[in-house]
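Colleague: This is the structure I want to talk about, given as structure tokens.
Read-outs throughout are calculated quantities, based only on the coordinates presented, and are distinct from any laboratory measurement. What you are looking at is a predicted structure, and each value in this text was computed from that prediction instead of being measured. Cβ coordinates were reconstructed from backbone atoms using ideal geometry, including for glycine residues, and neighbour counts include every protein chain displayed.
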Amino acid sequence: GAVVSQHPSRVICKSGTSVKIECRSLDFQATTMFWYRQFPKQSLMLMATSNEGSKATYEQGVEKDKFLINHASLTLSTLTVTSAHPEDSSFYICSARGGGWDEQFFGPGTRLTVL
Amino acid sequence: QQQVKQSPQSLIVQKGGISIINCAYENTAFDYFPWYQQFPGKGPALLIAIRPDVSEKKEGRFTISFNKSAKQFSLHIMDSQPGDSATYFCAASKRNAGNMLTFGGGTRLMVKP
């Protein structure tokens, strides 16, 4: 099956620092990757959609200058949380979709804690 | 505007029983309806999915029932097991919109031994 990995799985940082999260599709080429945010006991909220080689499309209310997304290749997308603050603490999950597929395959998530 | 409404929010079922989770959607343009299973601290995993041209799809103990006219679909878990205890999310998407998923609010299922 299609496998998506995320790194790191858990990160703790100080307020004001930047954190980069990687999302990789291991056995398929991901033409589209999605980034979600999930608060405890809540559903997934789509933050942005990225297509390889083009700028990400952000959902309403998501600050593109704070959450930088780069989809540099067909197997890698990165989310950088810039100048992180405690309110950015959350579970960040990526998903990937291959060309022609309807299915999205999700990564294991990254738990970000900002002190 | 919540386009996919999921119920119940939580569900307790005895081992061997049937777990039923319901979802209703508003956008008739949706053409793909997956169900995801999520364990604590993990990403969602695709469980089963259906398209609107069929009314039912079964995979093992998991069945999706789809009612296009009512704009509703449901997940049935037969012979529920304690290992099925997780949070289940329904979702919907449309192909001509990049297959972006709209998620339901989730159902926390607990199967008691």
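Colleague: From the mean inverse distance of alpha carbon pairs (Kirkwood) and the Cα radius of gyration, derive Rg over Rh for chain B.
Modeller: My calculation puts Rg/Rh at 0.96.
Colleague: Taking 0.36 nm per intervening residue step and subtracting the Cα-Cα distance, what contour gain separates A:Ser18 from A:Leu68 on full extension?
Modeller: Contour length minus Cα-Cα distance gives 17.0 nm.
Colleague: Of all alpha-carbon pairs in chain A, indicate the percentage at a distance above 16 angstrom.
Modeller: 56 percent
Colleague: Between the stretch B:1-67 and the stretch A:96-114, what is the C-alpha centre distance in whole Å?
Modeller: Taking the Cα centre of each part, the stretch B:1-67 and the stretch A:96-114 sit 18 Å apart.
Colleague: Another question, then. Could you tell me what percent of the DSSP beta bridges with both partners in chain A are antiparallel, to the nearest 5? Present the calculation step by step, with values, prior to reporting the outcome.
Modeller: Values: 37 of 41 bridges.
Percentage antiparallel, nearest 5: 90.
Colleague: Read phi for every residue in the stretch B:54-68 and hand back ³J(HN,Hα) as whole Hz from Karplus 6.51 cos²θ - 1.76 cosθ + 1.60, θ = phi - 60°, with x for Gly and Pro.
Modeller: So the Karplus estimates, Gly and Pro as x, are 10, 9, 7, 9, 10, 9, x, 7, 9, 10, 9, 10, 10, 10, 5 Hz.
Colleague: Something else now. What list do you get for A:Asp88, A:Asp102 if you sort them by fewest beta carbons within 10 Å?
Modeller: A:Asp102, A:Asp88
Colleague: In chain B, how many lysine pairs have Cα atoms under 27 Å apart, counting only pairs 8 or more places apart or on different chains?
Modeller: Taking chain B as the scope, the lysine pair count is 26.
Colleague: Ranking A:Tyr58, A:Tyr36 by Cβ neighbours within 10 Å, fewest first, what do you get?
Modeller: With the sparsest Cβ surroundings first, the list reads A:Tyr58, A:Tyr36.
Colleague: In what order do B:Lys112, A:Lys14, B:Lys71 fall by count of nearby beta-carbon atoms within 10 Å, going from fewest to most?
Modeller: Final ranking by Cβ density, sparse to dense: A:Lys14, B:Lys112, B:Lys71.
Colleague: With a point put 7 Å past each Cα toward its Cβ, work out how far A:Leu76 is from A:Gln29 in nm, to one decimal.
Modeller: It is 1.7 nm.
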